[in-house]
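Reading through the structure tokens given below for one structure.
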């Protein structure tokens, strides 16, 4: 009888976890794809684009990040590894830059690779409205989006999700 109770509890626990994982159109997000040339961030499930968002990039949007302070957005494969609220940029999710290749390239050049690359919202600024930032590449290498879009991404993408950033 105990094994039956244990099986029932395990089944209920599995069902509870399945329904609490964030989904979009009933599918869990397994990848974030950023295409820099399109200024688009795509939420993906098993290779299918479920939703796309307009993004802003670093002030020097062409080319991969080479070193700290170059105002470029990295290119390659990374992870969304942690998140935080930010007084300056509302919500932010950290990208695991630099990866091993980025670190090796910087080491060869004798420069620091940089870090703290985030997907984040837009500043709330009395002088500059949100739409102003949304039409520019203005970050120091991060990926920025409208605050409403960032809130949606925050709720749909879990830590540990793969992010690919393409040219």
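Only the coordinates and a few stated rules stand behind these numbers; no lab work does. Given the structure is predicted, the values throughout are model-derived calculations rather than measurements. Virtual Cβ from ideal backbone geometry, glycine too; neighbours counted across all protein chains shown.
Given a Förster radius of 22 Å and the C-beta distance between residue 132 and residue 162 as r, what FRET efficiency does 1/(1 + (r/R0)^6) yield to the nearest 0.05? Using R0 = 22 Å, I get an efficiency of 0.10. Taking the average, over residues, of other Cβ atoms within 10 Å as the packing measure, peptides 124-131, 96-103, 27-34 rank 27-34, 96-103, 124-131 from highest down.
Would you mind checking the tilt of helix 100-109 against the longest principal axis of the Cα atoms of the chain, expressed as 0 to 90 degrees and rounded to 10? Relative to the chain, helix 100-109 is tipped by roughly 20 degrees.
Counted by neighbouring Cβ atoms within 10 Å, the residues 159, 137 run from fewest to most as 159, 137.
Helix 147-156 and the long axis of the chain differ in direction by around 40°, with both axes built from C-alpha atoms. Using a/c under 1.5 as the rounded threshold, could you call the stretch 13-167 rounded, prolate or oblate? The axes a ≥ b ≥ c are square roots of the C-alpha gyration tensor eigenvalues, and prolate needs a/b larger than b/c, oblate otherwise. Here the stretch 13-167 falls in the oblate category.
For the chain, the share of DSSP beta bridges that are antiparallel, to the nearest 5, is 75%.
Against the main long axis of the alpha-carbon atoms of the chain, helix 2-20 sits at an angle near 30°. Computed over the chain, relative contact order equals 29 percent, with contacts defined as Cα pairs under 8 Å that lie 6+ residues apart. Placing a label point 7 Å from the Cα of residue 25 along the Cα-to-Cβ direction, the residues of the stretch 34-62 whose backbone N falls under 17 Å from that point are 41-54. A simple spin-label model places pseudo-atoms 7 Å from Cα toward Cβ; at residue 79 and residue 107 they are separated by 2.0 nm. Listed by Cβ neighbour count within 10 Å, with the fewest neighbours leading, 67, 46 appear as 46, 67.
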